[in-house]
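The block underneath contains the structure these notes are about, expressed in structure tokens.
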Amino acid sequence: MIKAIIIVNNHGKPRLTKFYTEVDEEQQQSIVRRIFQQVAQRPDSFCNYLEGSIPEFESCKLIYRHYATLYFVFCVDTQESDLGILDLIQVFVEALDKCFENVCELDLIFHSDKVMYVLDEIIMAG
């Protein structure tokens, strides 16, 4: 089960956050900060998985990809397929690329409604 999807830039500013579990806003900000700290300190040569990293979510793992200036991070439970989620991230980025013709950080900021629609279509509708 996907618990959260977070896109942050290289400076730690969240560009998209979507939580699929009930978490209050203060905790969301704390989770985003913690996720960025854990993901940003890892070199690109390391694997894209972090196990059991968020105390607010029991038994979760972070699966992420770093594209240019953005980190696409999925927080999922331990039963999810790591490669499946990496493929889902790839499909999401490719869909955004087709929508915006070379998606960039500004597209996520100024067209957040379209980005959320694409995300919902991929996650909810398959």
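The values are calculated or read from the model by the stated rules, or taken from the named source; none is laboratory data. What you see is a predicted model, and the numbers here were worked out from it, not measured in a lab. Backbone-built Cβ (ideal geometry, glycine too); neighbour counts: all protein chains shown. We work out accessible area using only protein heavy atoms, side chains counted, and drop any ligands, DNA or RNA first. Shrake-Rupley method; radii C 1.70, N 1.55, O 1.52, S 1.80 Å.
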>> Return the pair list, or none, for Cβ contacts closer than 6 Å from residues in segment 38-55 that are closer than 13 Å to PHE72 by Cα to residues that are among the hydroxyl-bearing types (Ser, Thr, Tyr) and not in a loop (DSSP other than H, G, I, E, B), at least 6 apart or on different chains.
In response: VAL39/TYR64; VAL39/TYR71; ASN48/TYR64
> In segment 37-61, which residues are surrounded by fewer than 19 Cβ atoms within 10 Å (Cβ to Cβ) and under 16 Å from PRO14 (Cα atoms)?
Replying inline: GLN37, GLN38, ALA40
> Looking at (1) in contact with an Asp or Glu (Cβ under 9 Å, 6 or more places away or on another chain); (2) crowded, with 17+ Cβ neighbours inside 10 Å, which is the only condition SER81 fails?
Replying inline: (2)
> Got a number for residues in segment 84-100 being touching an Asp or Glu at 6+ places or on another chain (Cβ under 9 Å) and open to solvent by 40 Å² or more (accessible area, probe 1.4 Å)?
Replying inline: 1
> Residue check, TYR64 against (1) of a type in the set (Ser, Thr, Tyr); (2) surrounded by 15 or more Cβ atoms within 10 Å (Cβ to Cβ); (3) at pLDDT below 90, all met but one. Which one?
Replying inline: (3)
